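Asker: The structure is given below, and queries will be raised subsequently.
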2 protein chains.
Amino acid sequence: MNENLWINSLIDAKPLTNHVAVREAKKGIQDYLASSFFAVKNPNVLALNNEQAIVYGQTETSKRFNLETSHQALVYGFAAHYEDLDDTQSNLRGHPSAVILSALLAVAKPHDAGEKFLDAYISGIEIAGRLGQVFNPTIYNKGWHSTGFIGIFGATAALIKYLNIDASIANQAFSLAASQASGYRFQFGSDAKPLQAGIAAKHAIDAVDWALKGMTGSANYLSGKNGLVHMFDLDENKLQSVLSAPWTESLEIVSPGLWFKAYPFCSAAFRLADASLEIHEKQAIQLDDIESIDISFNPGRDAALIYTNPVNGLQGKFSGEYVTLLGLTKGTFDPKDFTDASLDDEVLANLDKVKRVYYPETEKGLSSQIYVKLKDKTTFHAEVFDPYGSPNNPLSNADIKDKLANGLGNEKQANVIAQTIENLEKNTLKEFLQAINRNENGGK
Amino acid sequence: MNENLWINSLIDAKPLTNHVAVREAKKGIQDYLASSFFAVKNPNVLALNNEQAIVYGQTETSKRFNLETSHQALVYGFAAHYEDLDDTQSNLRGHPSAVILSALLAVAKPHDAGEKFLDAYISGIEIAGRLGQVFNPTIYNKGWHSTGFIGIFGATAALIKYLNIDASIANQAFSLAASQASGYRFQFGSDAKPLQAGIAAKHAIDAVDWALKGMTGSANYLSGKNGLVHMFDLDENKLQSVLSAPWTESLEIVSPGLWFKAYPFCSAAFRLADASLEIHEKQAIQLDDIESIDISFNPGRDAALIYTNPVNGLQGKFSGEYVTLLGLTKGTFDPKDFTDASLDDEVLANLDKVKRVYYPETEKGLSSQIYVKLKDKTTFHAEVFDPYGSPNNPLSNADIKDKLANGLGNEKQANVIAQTIENLEKNTLKEFLQAINRNENGGK
């Protein structure tokens, strides 16, 4: 296939004519900031940013690309994904906004048009989602971290739109981004997982910088004989059809859409989370009373949940067993239970009572079920299809603004930020950048 | 397996007791600099370094890790690999020094001990070569670029030794390096190939920086259930045996050793190059007179030579057909024939006359043969096992010093540099860094 076709349709696309897409993008920006603000004062984030508080965007006098630019994208992405509260998308099977918005915010300047920012963001999601259709589930199942590996192309696409990069340089930028495509699932449960979101954002910045400096890469990094599609035994016809689909129909940000997370752990455990809360509403379960628990997945849908016996809360973010025990016993998911602190002995002793079982997906769609059997022979059962936050059961606008206010610890600033985002296509980024850089988030 | 065993043997190793290893390392440093000096004034190298001339090493007052450090490693690696004149190693199936020495030179300070530099370099080659045994030929054949993908671990190992990083942080550094492991063969024949050497050096610097800042990665990035060894269906037992082999026996820098290149193209074409020169000595072939040419490889040994019909000299670096035609007709390999200038029509018209054939490796080892048939029915044949520059037919010390003098365009400075390298384990790096940063190489 001719990879230039893809580039031209990206450059020519006018996604802002899709009003649902614009609405979802505005939610996405709020949710990204909410997820980031929960983490901006975290010691790890400060350490990565050389003990500086985060400041989003560039000043009018910054050079677009200096060494600081890609470093800022790294830090933004790390913070946005640090609590694992940031959005996911099912075609990408990863976290698009943590990569794409981090790259955009690293080059954004106050005088830039807000509509360009929205256009670039929606375009980045589009490319990430479309390539997700081609690369997944293959690369995800093999152990690659889609957020990093595919996300880098989404971020590069966003930068190309935002910076008006022309087609020939855009093609080089994508190829140079491909040179750095990495990110692995073995990092789930460590700092390296959120780092991989930041690394992808940073790599996209570097790729565009190098392309603008005249560096060349192969034009056939996807479909060429040695290209990524063939390296992973993917379907070249699908690549062609997915990338040549018109942008005038449904967009990836609308369908399958973004999943805005209500809980600070892997979305693959969200159905279990809601099922466990449903049971908890009937009866709070005591760890001591548990005889056994079965938790179910559709086959392959627990790939991200790599810890059956987590030893700390960070690993617990990727453990259906841990999430289920928390929901059943506490009825709530507190970010404090998902840190690098070790789990208490009673929790550890009960993890082995939880067993995974697998049921094929039915016509009703993906689901998870929980069967609890207590020592006194009481049983509980719940099944969840569309967990809270998923596209069919989404957070409301008010929920997202609450998330932003909670992340900031400041409802008034959350309202100001939400207002600047609501008006983004009518203004420059000036008010928006000012609002997100107020003292309250740790910035200056 | 326990990945910490590997880290401890790396940290405890004293490779400078192996005198052959030290001798080869000194040749390696000279050859790296020679290869770099050919490229330091290239417009692409200058563009990547933001129009600054390259300056190797840090000042005494530099911070070890600032944003500039990893950028310098990127530029050094790009320059070192730009002409494809830099060393290769057969276990790595790539270019170790371009990655390892670039990372080391980005952190090297004048007061640092020369013996530490040598120790770190040899240790980096050791890890790159050992992991090469485990990962190759699988990842190379699948399309990964070993220089980047495996080289990053070699460079990380070198930095760990050079900077006296302790074992627990060293393990994190390797894991964070793994998060960024990338580099693909589809880039051969573009600027992205040498960039991938620089990217790996840069990634190693970043990984060590992040580990020192306290970032965590999975401890089981190689042998864990989702680790690289399982992602690529590699042999975990081999990983264990290779990594636990004592450092007191032969070292990778000694056996299989480094291959110092006499020609500015891919070493997979070197046997053909020498065979073509051998025929040219009997008779200079005219393009017009050629009826057909067969060139042979042992099966799989032309994987790097991805262009059968190159359109420019950069692609010609990865074309056995182009190299053969040049050797047969010109009897010499001029760097001018390996630039991004388009090939002339007569050369293009004759490329199709060259056909690849494959013969199994015999007891005598790897070889390439050329059969030339002219229109007047004259035939020529040559077979080469150990091409000039390969470990069994190495460049002499004088050859390497000539290469350095040619790269610099200055024989006197080459002698000075060679002298500082000869005495490296007895001194600090001060004289060495001064010598390589004289005006003549474009530095200040």
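Coordinate-derived values only; no laboratory data. The structure displayed is predicted, hence computed values, not measured ones. Ideal geometry is used to build each Cβ from the backbone, glycine not excepted, and the neighbour counts take in all protein chains shown.
Asker: Amide H to amide H, which residues 5 or more places from A:Ser368 or on other chains are under 5 Å from it, using H placed in the peptide plane?
Answerer: Residues meeting the amide H criterion: A:Val384.
Asker: Also: Where does helix A:270-282 land angle-wise versus the long Cα axis of chain A, in degrees 0 to 90, nearest 10?
Answerer: Once rounded, the angle reads 40 degrees.
Asker: Can you compute 3J(HN,Hα) from phi for each residue in segment A:128-133, using the Karplus curve 6.51 cos²θ - 1.76 cosθ + 1.60 with θ = phi - 60°, rounded to whole Hz and x for Gly and Pro?
Answerer: Rounded to whole hertz, the list is 4, x, 5, 5, x, 4.
Asker: May I pose another question? Amide H of B:Tyr184: which non-local residues (sequence gap of 5 or more, or other chain) have their own amide H closer than 5 Å, using H built in the peptide plane?
Answerer: B:His145
Asker: For Cα pairs less than 8 Å apart in space and 6+ apart in sequence, what is the mean separation divided by the residue count of chain B, i.e. the relative contact order in percent?
Answerer: 21
Asker: On a 0 to 90° scale, report how tilted helix B:67-82 is relative to the longest principal axis of chain B, with both axes built from alpha carbons and the result rounded to the nearest 10.
Answerer: It is inclined by approximately 20 degrees.
Asker: Let me ask something else. Using 0.36 nm times the number of residues separating A:Lys430 and A:Leu287, minus their current alpha carbon distance, what extension gain do you get?
Answerer: Working: separation 143, 0.36 × 143 = 51.48 nm, distance 5.21 nm.
Between A:Lys430 and A:Leu287, full extension yields 46.3 nm more.
Asker: Rounded, prolate or oblate, given the Cα gyration tensor of segment B:267-384, with a/c below 1.5 counting as rounded?
Answerer: Note, shape of segment B:267-384 comes out oblate.
Asker: Using the per-residue mean of other Cβ atoms lying within 10 Å as a proxy for protection, in what order, highest first, do the peptides A:17-23, B:211-217, B:176-182 fall?
Answerer: Packing order, densest peptide first, comes out as B:176-182, B:211-217, A:17-23.
Asker: Hey, for A:Asp294 with labels 7 Å out along Cα-Cβ, what do the inter-copy distances come to in nm, ordered shortest first?
Answerer: Those separations, rounded to one decimal, come out as 6.6 nm.
Asker: Enumerate the calculated ³J(HN,Hα) couplings along segment B:59-65 in order (Karplus 6.51 cos²θ - 1.76 cosθ + 1.60, θ = phi - 60°), each rounded to whole Hz, writing x wherever the residue is Gly or Pro.
Answerer: These are the phi-based 3J(HN,Hα) values: 7, 4, 9, 4, 6, 4, 10 Hz.
Asker: Cα-based count: Lys pairs in segment B:267-384 below 23 Å, eight or more positions apart or different chains?
Answerer: Taking segment B:267-384 as the scope, the lysine pair count is 21.
Asker: Test of understanding: given chain A, find the longest segment containing no GluC sites (Glu not before Pro) that are in a DSSP loop and have at most 12 other Cβ atoms within 10 Å.
Answerer: Values: sites that count: A:Glu51, A:Glu60, A:Glu249, A:Glu363.
It works out to A:61-248.
Asker: Using the C-alpha gyration tensor of the protein assembly as shown, what are the square roots of 5 times its eigenvalues, in whole angstrom, with the largest one first?
Answerer: Each semi-axis is √(5λ); the values are 49, 29, 28 Å.
Asker: Helix-only estimate, please: 222 nm mean residue ellipticity of chain B, summing -39500 (n - 2.57) across DSSP H runs of length 4 or more and dividing by its residues, to the nearest 500.
Answerer: -15000 deg cm²/dmol
Asker: Long-range amide H contacts for B:Gly94: which residues qualify at under 5 Å (H placed 1.01 Å from N, peptide plane, sequence gap of 5 or more or a different chain)?
Answerer: B:Gln89
Asker: Here is a follow-up. For A:Asn42 and A:Asp345, compute 0.36 nm times the residue count separating them, minus their Cα-Cα distance, and round to one decimal in nm.
Answerer: Extra length from A:Asn42 to A:Asp345 when fully extended: 106.4 nm.
Asker: Tabulate in residue order the Karplus-calculated ³J(HN,Hα) for segment A:101-117, using 6.51 cos²θ - 1.76 cosθ + 1.60 with θ = phi - 60°, rounded to whole Hz; enter x for Gly and Pro.
Answerer: With coefficients 6.51, -1.76 and 1.60, one gets 5, 5, 5, 5, 5, 6, 10, 5, 10, x, 7, 5, 6, x, 5, 5, 5 Hz.
Asker: For segment B:183-302, what value does the Rg/Rh ratio take when both radii are computed over Cα atoms and Rh is the Kirkwood radius, given to two decimals?
Answerer: Over the Cα atoms of segment B:183-302, Rg/Rh equals 1.10.
Asker: Follow-up question, since we're still on this one. Placing +1 at every Lys and Arg Cβ and -1 at every Asp and Glu Cβ, with all other atoms neutral, what dipole size does segment B:267-384 have around its Cα centre, in debye to the nearest 20? Could you put the intermediate results ahead of the total?
Answerer: Working: 13 positive and 20 negative charges, 53 e Å.
In debye, rounded to 20, segment B:267-384 gives about 260.
Asker: May I pose another question? What shape does segment A:362-420 take by its C-alpha gyration tensor, where a ≥ b ≥ c are the square roots of the eigenvalues and a/c under 1.5 counts as rounded, a/b above b/c as prolate, and the rest as oblate?
Answerer: Numbers: a/c = 6.51, a/b = 2.14, b/c = 3.05.
Verdict is oblate for segment A:362-420.
Asker: Quick check for me: using +1 on Lys/Arg Cβ and -1 on Asp/Glu Cβ, what's the dipole size of chain A about its Cα centre, in debye to the nearest 20? Write out the running numbers ahead of the final one.
Answerer: Working: 40 positive and 52 negative charges, 156 e Å.
Taking the Cα centre of chain A as origin, the dipole is about 740 debye.
Asker: Taking every residue in B:359-369, how many Cβ atoms of other protein chains lie within 10 Å of its Cβ, on average? Let's see the in-between values first.
Answerer: Details: counts 0, 0, 0, 0, 0, 0, 0, 0, 0, 0, 0.
That average works out to 0.
Asker: Principal axis extents for chain B, Cα atoms only, whole Å, descending order, please.
Answerer: 70, 51, 38
Asker: Can I ask one more? Among A:Gly129, A:Ser390, A:Ile11, whose Cα sits farthest toward the positive end of the charge dipole of chain A (+1 at Cβ of Lys/Arg, -1 at Cβ of Asp/Glu, about the Cα centre)?
Answerer: Result: A:Ile11, furthest along the dipole toward the positive end.
Asker: Let me ask something additional. Using 0.36 nm times the number of residues separating B:Lys225 and B:Asn397, minus their current alpha carbon distance, what extension gain do you get?
Answerer: 57.3 nm
Asker: Tell me, how many Å apart are the Cα centres for segment A:1-62 and for segment B:151-205?
Answerer: Here the answer is 27 Å between Cα centres.
Asker: Name the residue farthest towards the positive end of the dipole of the protein assembly as shown from the options B:Val372, A:Gly224, A:Leu176, assuming +1 on Cβ of Lys and Arg, -1 on Cβ of Asp and Glu, about the Cα centre.
Answerer: Most positive-ward Cα: A:Leu176.
Asker: Something else now. Residues of segment A:257-291 with amide nitrogen under 14 Å from the 7 Å Cα-to-Cβ point of A:Thr379?
Answerer: Counting only backbone N, you get A:291.
Asker: Follow-up question, since we're still on this one. With a ≥ b ≥ c taken as the square roots of the eigenvalues of the C-alpha gyration tensor of segment B:4-107, please select rounded if a/c is under 1.5 and otherwise prolate if a/b is larger than b/c or oblate if it is not?
Answerer: oblate
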